[in-house]
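Reading through the structure tokens given below for one structure.
The values are calculated or read from the model by the stated rules, or taken from the named source; none is laboratory data. Source: prediction; values computed, not measured. Neighbour counts run over all protein chains shown; Cβ positions are idealised from the backbone, glycine included. Surface accessibility is based on the protein's heavy atoms, side chains included, excluding ligands, DNA and RNA. Shrake-Rupley method; radii C 1.70, N 1.55, O 1.52, S 1.80 Å.
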Amino acid sequence: MSVPIEFNIGGVYMPPLLIAAVLGIVTAVVAARYLNKYNLARHFYYPPLVFVALSTIFTVIYGWLIVPF
Amino acid sequence: MTHLEAVKAEAVKEFHLSPKAKEAIKVALAYCIVNIIALKLDWMNPYWAGFAVAQIALFPGGQSLRMGGLRIVGVILAMFACLLIYTIAPQDRWMFISLAAMWMMFTTYMMIKDQKHSYLWNVAGFAAVAMWAIVADTSVDVFHAALYRAIETIMGIVVYTLVTVFIWPDSNVSTLKKLSVGLTSAQAKILGLVSSSTITPEVKKTLKATAAQELQFLGGLKQAFFAKGAETYEVQQSIGFWQEYHSLSVQLAQSFNRLNNGFSGLENIDIDKIVPGLDQYRQEIIRRLESARDIISDGAGEYKTEFVNLDINEAYLQSLAPFDTLAFTSSRQELEKAEILSRKILECAHNIVDESVSREVAAPEKQQSIYERLIPDLDHLRSLGFIGVLTFLAACVWIFFDPPGHRYWLLLPPTVGMMVAVMPQMKTNAMVIPAFFLLSFFLMIYVFVMPGLTSIAQLSALYFICIFCIFYFLSGVYQVVAVIGVVSKLMANNEQVYNFAGAANMVIWSVSCYAFIYILSYMLNSPRPQRALARLTRRYFRSAECLMSEMRHNEKPGVIRKFKIAFHRYEIRTLPLKIKSWSKAINPKHFPENTPDKIGDLLLGIATLSQSIEEWVSSNTLPQTKHLLSETKQELSKWNRGLERIFRDYHNDLGSALSSQVESDLKNHIATLEDVINRHSGYIEEMKASVSDQEKENLFRLVGSYHGLSLSLISYASVTERISWKHWEKEVFA
């Protein structure tokens with residue numbers, strides 16, 4: 001099992017959840033842009049909630065694969 | 001001097017800071033000064049003063065000493081409200097929250113309604129919540145904290161006001177002049193086109209485009225009275241005349257609209273034969289308008305009015321068919337009104353530039369009936385409900401969940417909520433992502449840069465750079481979020497302690513607050529602007545339909561019907577501007593089929609329709625002759641029902657293709673009316689003695705208003721058919 005490790009940036013220790021959340025939100029923003037570009041967003045009932053869901057899913061994936069929290 | 005040096009010297013001489021750069025420098029300077037003063041005097045929480053500067057700069061409604069004074073009154077009001085509520089409900093949290101919500105509703109209402117003092121009410125609202133959010137255990141602490149907050153906010157206001165008044169003071173006199181010059185030029189051109197003897201399709205097209213410009217100038221001029229810089233001494237000195245100029249121009253626009261309706265009924269007769277001197281008459285009015293334009297533009301116009309008379313060839317007029325005689329009577333009255341108005345406009349332009357003439361009181365506004373004064377604005381009521389619920393629920397979130405931010409939940413949501421209530425188009429959903437990144441960015445500055453600062457000069461340089469960049473490079477929600485980032489993340493005290501966890505929690509707090517406001521903003525309208533626009537347009541046609549139905553009844557209206565008519569008229573008058581505000585928030589990249597040009601045409605179509613409906617209602621309320629033929633009444637009633645049906649169709653389906661139907665209906669109605677009036681020429685001859693000129697004018701004005709309304713509807717129908725309403729229903733990530 002992976003052990004959560006704090007990130008030392010310039011002497012400031014950042015919690016791994018923060019890093020995973022930043023990466024998750026950035027990925028969700030990129031995904032939303034592509035969904036708009038390829039006209040796929042029209043299939044969702046309510047995009048703002050889908051965005052929240054995507055951010056959560058990506059954060060969990062990052063936590064699971066790269067930054068355990 | 002070498003050539004290179006000469007070029008450099010020329011470049012330096014030519015260098016001018018843009019208004020945006022000047023504004024950014026002023027705000028940054030004021031922000032630095034207030035922080036230095038508060039730190040130097042060792043006041044409680046020195047960043048409160050900076051918060052006041054940033055909050056005012058985001059809402060730059062007025063930058064004069066008078067407005068600064070009004071804002072100070074706002075702070076004092078806020079302090080009294082805060083202490084009063086603490087006194088009434090020190091131990092009863094529900095009473096406390098309810099009173100706080102009520103105060104926010106009151107200040108927001110006043111902020112919307114009292115545009116002249118909206119800054120005062122904005123400050124009275126946000127300063128009160130800022131005082132409620134302070135940490136205080138005893139009543140003495142509450143008093144001290146409220147007093148310090150008030151003093152620091154006043155200091156922020158005073159410094160900001162002095163900086164903006166003394167460094168590059170703003171005045172919008174040039175905007176007022178530019179708009180008035182454009183408006184008067186457009187009106188001179190319209191008169192030339194309306195009374196042109198040959199109405200070709202080209203003339204019609206130019207007339208339509210010029211009328212569109214005229215509408216834009218009228219709207220722009222009205223807004224300019226409340227814009228930044230309008231309260232400067234230069235503008236205030238002659239504000240009464242500017243308002244009179246606007247009012248006269250509105251009357252002239254209405255007169256031209258009626259004249260155009262009347263002239264379209266004179267297509268079959270030789271107008272130059274009825275009025276041999278029409279050309280000189282028209283030229284004199286145009287000359288006066290052009291003189292007024294030149295006087296306002298550079299004070300060089302000639303202030304001279306010559307009396308002109310409208311000579312009528314009575315013999316020829318008598319020989320015309322009754323329908324044409326009626327049509328001419330209406331046009332004659334409008335031409336005479338245009339002559340009077342042009343004289344007044346020229347006189348008003350002269351008064352604006354003549355400093356020896358002063359006017360203390362603004363131009364008298366049109367008297368409103370009790371019904372018009374009492375009807376509510378649905379969107380204002382929603383705004384009040386929104387801010388009240390937002391304040392109450394934000395306090396509940398703090399009490400029951402106590403999330404990061406804690407008591408500051410009582411501070412940020414109502415402060416931003418006030419802006420959203422006034423400007424519902426503000427996309428709060430678009431704040432969430434920028435908030436996350438911008439606040440994280442300022443968190444990084446707080447963590448990595450601020451601990452390295454060793455002097456007030458370094459701190460001031462940091463503040464100056466941050467605030468300048470925000471006000472120079474950012475706009476809209478990005479600017480709001482970034483300003484909140486600076487005031488809430490880069491806080492400085494004399495005894496500074498850096499706490500990463502606390503600052504990171506504040507980022508979560510800010511993002512959660514925006515999400516919370518976004519969810520509640522559904523109370524106002526859909527935060528998706530394209531949906532809001534469609535909803536408001538449907539509401540517009542619903543009101544138009546109801547108005548048509550209410551006005552058709554012959555019996556005298558009772559109290560309820562009068563309220564209904566006043567309400568729908570208000571909706572028809574105000575909705576076009578609201579629709580326009582929402583249209584600006586639509587991202588054209590997401591909806592490429594509906595280009596900004598098409599949307600612009602749609603807005604213009606709605607505005608023209610409103611003008612025609614207003615004229616139609618006014619004409620309907622005019623006294624008509626008792627000798628009006630029953631066939632005419634029936635035909636007008638049929639026309640009314642037809643228009644009502646079309647409005648209903650648009651209400652049910654905004655994309656209805658009705659242009660050809662409206663056009664054929666219009667032709668049928670005109671032909672039938674003409675036929676009815678001409679068939680009864682004998683009867684009309686008999687009644688001539690008992691029907692006054694005024695009654696004749698009223699009758700044709702009524703017919704003309706139906707005609708004008710149908711033409712506006714055809715114009716709208718052709719525009720709306722080009723809009724893809726289905727496209728706007730598509731879901732996108734905003």
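Hey, got the average number of other protein chain Cβ atoms within 10 angstrom for residues in A:39-47?
3
For B:Glu729 and A:Thr56, what is the calculated FRET efficiency with R₀ set at 30 Å and r taken between the beta-carbons, to the nearest 0.05?
FRET efficiency, B:Glu729 to A:Thr56: 0.65.
Which aspartates and glutamates have a Cα less than 15 Å from the Cα of B:Lys578, not counting those fewer than 8 places away in the same chain?
B:Lys578 reaches B:Asp377, B:Asp379.
Could you tell me the calculated FRET efficiency between B:Ala501 and B:Ser549, based on Cβ-Cβ distance and R0 = 56 angstrom, to the nearest 0.05?
About 0.30, to the nearest 0.05.
Top to bottom by accessible area (1.4 Å), largest first, where do B:Trp168, B:Trp398 land?
In descending accessible area the options line up as B:Trp168, B:Trp398.
Taking every residue in B:653-661, how many Cβ atoms of other protein chains lie within 10 Å of its Cβ, on average?
Mean shielding count: 0.
Using the Cα centre as the reference, give the magnitude of the dipole from point charges on the C-beta atoms of chain B (Lys, Arg: +1; Asp, Glu: -1; all else neutral), rounded to the nearest 20 debye.
Once rounded to the nearest 20, the dipole reads 1640 debye.
Note down the accessible area of B:Leu278, probe 1.4 Å, to the nearest 10 Å².
Spelled out: B:Leu278, probe radius 1.4 Å, area about 0 Å².
Run the simple label-point estimate for B:Tyr522 and B:Arg645 please: 7 Å along Cα→C-beta, distance reported in nm.
Calculated label separation equals 3.9 nm.
Choose one of B:Ala321, A:Phe44, B:Ser664: the residue whose Cα lies farthest towards the positive end of the charge dipole of the protein assembly as shown (beta-carbon charges +1 Lys, Arg; -1 Asp, Glu; about the Cα centre).
A:Phe44
For B:Phe563, B:Phe106, B:Phe700, give me the order by solvent-accessible area with a 1.4 Å probe, most accessible first, ignoring ligands, DNA and RNA.
Sorted by accessible area, descending: B:Phe106, B:Phe563, B:Phe700.
Measure up B:Lys204/B:Lys427; B:Lys177/B:Lys562; A:Lys37/B:Lys726; B:Lys178/B:Lys726; B:Lys26/B:Lys427; B:Lys273/B:Lys696 against 30 Å on the Cα-Cα distance and list the ones that go over.
Going by Cα-Cα distance, B:Lys204/B:Lys427; B:Lys177/B:Lys562; B:Lys178/B:Lys726 fall outside the 30 Å limit.
B:Asp379: accessible area at probe 1.4 Å, nearest 10 Å²?
Taking all protein chains as shown, B:Asp379 has close to 30 Å².
As an exercise, use a Förster radius of 25 Å and the Cβ-Cβ distance of B:Asn494 and B:Ile167 to find the FRET efficiency, rounded to the nearest 0.05.
E between B:Asn494 and B:Ile167, to the nearest 0.05, is 0.30.
Would you work out which of B:Leu412, B:Ala136, B:Ala734 lies farthest towards the positive end of the dipole of chain B, given +1 charges on the beta-carbon of Lys and Arg and -1 on that of Asp and Glu, about the Cα centre?
B:Ala136
Which of the helices in chain B meet the span-like rule: DSSP H, Cα axial reach of 18 Å or more, Kyte-Doolittle mean at least 1.0?
B:65-88, B:118-132, B:139-166, B:378-400, B:429-444, B:456-473, B:476-489, B:500-520
Using unit Cβ charges (K, R positive; D, E negative) and no other charged atoms, how large, in debye to the nearest 20, is the dipole of the protein assembly as shown about its Cα centre?
1720
How large is the accessible surface of A:Met14 in square angstrom, using a 1.4 angstrom probe and rounding to the nearest 10?
Surface open to solvent at A:Met14 totals about 0 Å².
Quick check for me: using +1 on Lys/Arg Cβ and -1 on Asp/Glu Cβ, what's the dipole size of the stretch B:594-653 about its Cα centre, in debye to the nearest 20?
Dipole magnitude for the stretch B:594-653 comes out near 300 debye.
Chain pair A, B: how much accessible area is buried, both chains summed, with a 1.4 Å probe, in Å² to 100?
Adding both sides of the contact gives about 1600 Å².
Please give every one of the aspartates and glutamates within straight-line cross-link reach of B:Lys598, meaning a C-alpha to C-alpha distance under 14 Å, and leave out same-chain neighbours fewer than 8 residues apart.
B:Glu721
Working with all protein chains in place, sort B:Ile33, B:Ile579 by solvent-accessible area computed with a 1.4 Å probe, largest first.
B:Ile33, B:Ile579
Angle between the Cα long axis of helix A:16-37 and the longest principal axis of chain A, 0 to 90 degrees, nearest 10?
Once rounded, the angle reads 20 degrees.
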